[in-house]
Amino acid sequence: MDKIIKIVLGLFIIIVVAFIACASYFGYTDVAYRNSLSANYLYTCTISTNDVLTNVTLFLPVPAEPNGNSPVVTQISNHDVSGVPDTMNLTLYDTGKATLLKVSANSIGSPVINGTTQPVTVMFTVNESSHEHIDTTSPVQNAAVFRPLNGIHTTACPAVDSTSNTTPVCYQYLTYTYADYSAAPSTTVNINESVTGTNTWTVFSPASNQFNNQITVLTLHGGNHGWVTALGWLESSLGSPDVPYL
């Protein structure tokens, strides 16, 4: 009987020690994850042309959550945007349904010199931290992306690192931008916007995950005076899971 009691007591002690060890381990990893977690949105807009555009007015979507909140509007309102030329003005325009970025300039581009076009690219960026982690698995439902997402559907993703803990999910859709400017018939214009939402943390070693979203206006030729369709691309679930796999 004493032997049985000793065995039971020994097993009980082992179980208690194992429980405390597991609780301490998971407690440490959870605290380390939460304390080191950093979330960030990087928004970029690129406008390219091979000639001069005059009287330019663009209305471009800004990345926004389903409720309409956008992580980049504060910096834009404060003129805290990198890469904006002195000749270009950025303002926010509220349509009542969505907030658009209004880009205006008397001219963009350089004239042809000796028969040779002078390509010009303007790229401006906003880098904004998020107060909470970004849902990189379901960004359409829970994060800031370019909206509206008309006809959204899944599509094949590019090849990824086979060692990744997750399988990316990719989507295509259509959205709209407004472009009003005058230009010579031979002028070409490209407009591209992108937003990347990234989480980083450290539990024993650094880790991260992200989603990428971009919209691209197909090449415009000559002047344009109205709304144009843009192709949207979204790639989610890149990198480690939102909560570390322990």
key: Positions within the range 190-225 being loosely packed, with under 15 Cβ neighbours inside 10 Å and in contact with an Asp or Glu (Cβ under 7 Å, 6 or more places away or on another chain), in sequence order   = His225
query = Would you call Leu92 in a strand (DSSP E or B), within 30 Å of Asp80 (Cβ to Cβ) and assigned by TED's automatic domain parsing to the domain that holds Tyr43?
reply = yes
request  = Would you mind stating whether His131 is within 27 Å of Thr166 (Cβ to Cβ) and out of contact with any Gly (no Cβ under 9 Å at 6 or more places or on another chain)?
outcome  = yes
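In the same structural domain as Val73 (by TED's automatic domain parsing), more than 19 Å from Leu238 (Cβ to Cβ), touching a Ser or Thr at 6+ places or on another chain (Cβ under 6 Å) and hydroxyl-bearing (Ser, Thr, Tyr), is that true of Thr202?
Answer is no for this residue.
The values are calculated or read from the model by the stated rules, or taken from the named source; none is laboratory data. Note that this is a predicted model, so its numbers are computed, not measured. With ideal geometry, Cβ positions are generated from the backbone for all residues, glycine too; neighbour counts draw on all protein chains shown.
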